[in-house]
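The values are calculated or read from the model by the stated rules, or taken from the named source; none is laboratory data. From a predicted model like this one, the values you see are computed outputs, not experimental measurements. Backbone-built Cβ (ideal geometry, glycine too); neighbour counts: all protein chains shown.
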Amino acid sequence: MTTDARKLRLLMSLRRSGVTDAAVLGAIERIPRELFVPASFQDRAWEDTALPIGHGQTISQPLVVAMMTEALKLDDRRKVLEIGTGSGYQTAVLAQLSRRVYSIETIKPLQDDAVRLLEKLRIHNVTMRHGDGSRGWPAQAPFDRIIVTAASGGEAPKALVDQLGEGGIMICPVRRAADQQIMVRIRRENDEIKSEDLWPVRFVPLVTGSSGPVTDKRIEE
Ligand code: SAH
């Protein structure tokens, strides 16, 4: 099967699963997912499945990327904070649909690869940070949207909720029990925080407390 045929099959499957936002589907269609997976998984890049990207981490399943992106209700005025860059795939999708994305990753080699890939794809409205994302990015706060792609224990990290601007939307997988995670959507309206459970999910854990110097990298023109 050609890449185009695989791509079409994935987009149809996303639609069947209830993803209706044409802008989100368009972004998924445009971003070459095959570049974000290891060479040994090339032929599976357009399957609706999470795949290993090394360092014990995974590139998220396309349906999960699509549903999370849709839940954020993005537009080109939005400033987005992403925690857990990983392969940079979700970052690239977000960058298509917002003004600027700030993305934080703790594992340096993953961040380095993501920077190189986004430069290659000429996606310039992204700034990457190597560090612990659970502390957020205070110098750039408030954010219109926040997306966390690793599961935090009990509830969403408070530092992140604090950096969500008025009218803002945040989505974050939260671990409620040893084997139970729920995607939670948090909104700030009239300075009140509202939280709702969306759907059950499975994410790698958010690893907090890592120290060391924080380094930033703006994707160069
Ligand atoms: N959305 C990405 C990857 C998700 S995997 C993709 O689709 O490719 C989750 C990522 O979160 C991993 O790369 C992991 O290293 C990172 N991570 C875990 N804890 C983190 C933290 N405290 N701060 C920043 N990144 C973290």
Q) List the pairs whose first member sits in segment 103-114 and is within 19 Å of A141 (Cα to Cα), whose second member is in a helix (DSSP H, G or I) and near the ligand (Cβ under 9 Å from one of its atoms), and whose Cβ atoms are under 6 Å apart, counting only residues at least 6 apart or on separate chains? A) S103/T91; I104/G133; E105/Q111
**Q.** Residue ID - surrounded by the most Cβ atoms within 10 Å (Cβ to Cβ), chosen from residues in segment 37-84 that are within 13 Å of the ligand (Cβ to nearest atom) and of a type in the set (S, T, N, Q)
**A.** T69
(Q) Looking at segment 152-179 only, could you name the residues that are touching a Phe, Trp or Tyr at 6+ places or on another chain (Cβ under 7 Å) and either farther than 18 Å from A71 by Cα or free of Cβ contacts under 8 Å to residues at least 24 places away in the same chain (or both)? (A) Q163
Q | Residues located in segment 190-215, provided they are within 14 Å of the ligand (Cβ to nearest atom) and over 18 Å from the mean Cα position of the chain (by Cα) | A | G209, S210, S211, G212, V214, T215
(Q) If the requirement is being part of a strand (DSSP E or B), touching a residue at least 24 places away in the same chain (Cβ under 8 Å), within 17 Å of the chain's Cα centre (by Cα) and farther than 23 Å from I107 by Cβ, which of these qualifies: I182, I186? (A) I186
Q) Out of all the residues in segment 140-153, is one or more surrounded by 21 or more Cβ atoms within 10 Å (Cβ to Cβ) and farther than 22 Å from V174 by Cβ? A) no
Q.
Considering only residues that are of a type in the set (K, R) and either in contact with a Phe, Trp or Tyr (Cβ under 7 Å, 6 or more places away or on another chain) or more than 28 Å from P213 (Cα to Cα) (or both), which ones fall in segment 79-115?
A. K79
Q. Do we have any residue at all in segment 159-179 that's more than 20 Å from the chain's Cα centre (by Cα), at pLDDT below 95 and part of a strand (DSSP E or B)?
A. yes
Q. Could we say that P109 is surrounded by fewer than 12 Cβ atoms within 10 Å (Cβ to Cβ), more than 11 Å from the ligand (Cβ to nearest atom) and within 18 Å of the chain's Cα centre (by Cα) here?
A. no
